[in-house]
Amino acid sequence: MGTINLRKFEWSLQFLNPTEKYKIEIITQIINAYPLRIYICVGDSGEFDPEIYSELYKKFPQNIAHIFIRDICQTPECLSTCQERYVKAFKDVSKQRWTVFKDPKKIETNIEKILIL
């Protein structure tokens, strides 16, 4: 399989840094450290994950096999806004490379199938 890389926990004020900038820097460091690996990005719609992962895909299209975003929108008004947001965030990313989901049981979990895309 591979590794799972999560956010490092530190007892400092670093947690006050903007999440978007932090995630882009850290994930960029990881990909640069392991450039031959293939990555699957998993996040949610609560903050900037769609925009972050889209930007990273543009920088590293050969390394990012797929982006999964869990849609946490709860209201009809939010749903239409979120749909527009996803279209805008992923406009330069092939539709076969990203998935927005509500129910984790319904996403593709066959890694070989994901990596073929």
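Data overview
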{"read-out": "Subset of region 66-109 (residues that are among the aromatic types (Phe, Trp, Tyr) and either in a loop (DSSP other than H, G, I, E, B) or at pLDDT below 85 (or both))", "value": "Phe90"}
{"read-out": "Verdict on Ile67 being in contact (Cβ under 8 Å) with a residue 60 or more places away in the chain and within 16 Å of Arg37 (Cα to Cα)", "value": "no"}
{"read-out": "One residue from Gln96, Gln83 being within 22 Å of Ile27 (Cα to Cα) and of a type in the set (S, T, N, Q)", "value": "Gln96"}
{"read-out": "Residue within region 31-40 that is at pLDDT below 85 and surrounded by 10 or more Cβ atoms within 10 Å (Cβ to Cβ) present", "value": "no"}
{"read-out": "Inter-residue pairs, beta-carbon under 6 Å, first touching a residue at least 24 places away in the same chain (Cβ under 8 Å) and over 14 Å from Ala89 (Cα atoms) and in region 32-53, second surrounded by 14 or more Cβ atoms within 10 Å (Cβ to Cβ) and not β-branched (Val, Ile, Thr), 6+ apart", "value": "Ile38/Ala65; Tyr39/Asn63; Ile40/Ala65; Ile40/His66; Cys41/Tyr53; Val42/Phe68"}
{"read-out": "Any chance Thr28 is within 27 Å of Lys113 (Cα to Cα) and modelled with pLDDT of 95 or more", "value": "yes"}
{"read-out": "Qualifying positions in region 42-51 - closer than 15 Å to Cys82 by Cα and either of a type outside the set (Gly, Ala, Ser) or in contact with an Asp or Glu (Cβ under 8 Å, 6 or more places away or on another chain) (or both)", "value": "Gly43, Asp44, Ser45, Glu47, Phe48, Asp49, Pro50, Glu51"}
{"read-out": "Hits in region 69-90 (condition: among the hydrophobic types (A, V, I, L, M, F, W, C) and under 14 Å from Glu47 (Cα atoms))", "value": "Ile69, Ile72, Cys73, Cys78, Cys82, Ala89"}
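The values are calculated or read from the model by the stated rules, or taken from the named source; none is laboratory data. Just so it is clear, the structure is predicted and the values come from calculations on it, not from any experiment. All Cβ positions, even for glycine, are placed from backbone atoms using ideal geometry, and neighbour counts span all protein chains on display.
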